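These notes are about the structure you will find just below.
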Amino acid sequence: MADKIAVLFGGTSAEREVSLNSGAAVLAGLREGGVDAHPVDPRDVDITQLKKQGFKKAFIALHGRGGEDGTLQGLLELIQLPYTGSGVMASAIS
């Protein structure tokens, strides 16, 4: 059985609309490739519950504050959910 992947997009930053477009493209591509990918908008979902909901990994398609500044990365590390992209420190200083 394939891993259940959370595609994180949307969010609350000023770049929400761009993130929605990015996330939709990522979601479509992953599903086309046979990946068990699911849309997750941190604006509407408690990220701390992703692992309990059966997600094994997260694909970050968020833009701006909260998605690219190390905040989300830190939260995902706290719940021990592997994710795409840079880690907390690299995200925080970039």
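Read-outs: derived from the displayed coordinates by stated rules, not from any lab. All values reported here derive from a predicted model rather than from experimental measurement. All Cβ positions, glycine included, derive from the backbone under ideal geometry; neighbour counts span all protein chains shown.
Residue count for the stretch 9-25 under the criterion of being surrounded by 21 or more Cβ atoms within 10 Å (Cβ to Cβ) and hydrophobic (A, V, I, L, M, F, W, C): the result is 1. Name the single residue that is nearest to the chain's Cα centre (by Cα) among those in the stretch 23-62 being closer than 22 Å to residue 12 by Cα and acidic (Asp, Glu). Among them, the one singled out is 41. Where helices (runs of 4 or more DSSP H) fall wholly inside the chain, the ranges with 1 or more residues that are touching a helix residue (DSSP H, G or I) at 6+ places or on another chain (Cβ under 6 Å) are 71-78, 88-93. Only one entry of 65, 43 meets the criterion of being surrounded by fewer than 22 Cβ atoms within 10 Å (Cβ to Cβ) and closer than 21 Å to residue 93 by Cα, and that entry is 65. Restricted to the stretch 77-91, and to residues there that are under 21 Å from residue 29 (Cβ atoms) and not hydroxyl-bearing (Ser, Thr, Tyr), the residue that is surrounded by the most Cβ atoms within 10 Å (Cβ to Cβ) is 81.
Pairs meeting the criteria (first residue in the stretch 71-94 and without any contact (Cβ under 8 Å) to a residue 60 or more places away in the chain and hydroxyl-bearing (Ser, Thr, Tyr), second residue loosely packed, with under 15 Cβ neighbours inside 10 Å and not in a helix (DSSP H, G or I), beta carbons under 8 Å, at least 6 apart or on different chains) are 71/65; 86/94.
Here's the yes/no breakdown for (1) free of Cβ contacts under 8 Å to residues at least 24 places away in the same chain; (2) charged (D, E, K, R):
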| site | (1), (2) |
| --- | --- |
| 5 | no, no |
| 20 | yes, no |
| 36 | no, yes |
| 41 | no, yes |
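Every condition in (1) among the β-branched types (Val, Ile, Thr); (2) more than 10 Å from the chain's Cα centre (by Cα); (3) under 15 Å from residue 5 (Cβ atoms) holds for residue 93 except the one numbered (3).
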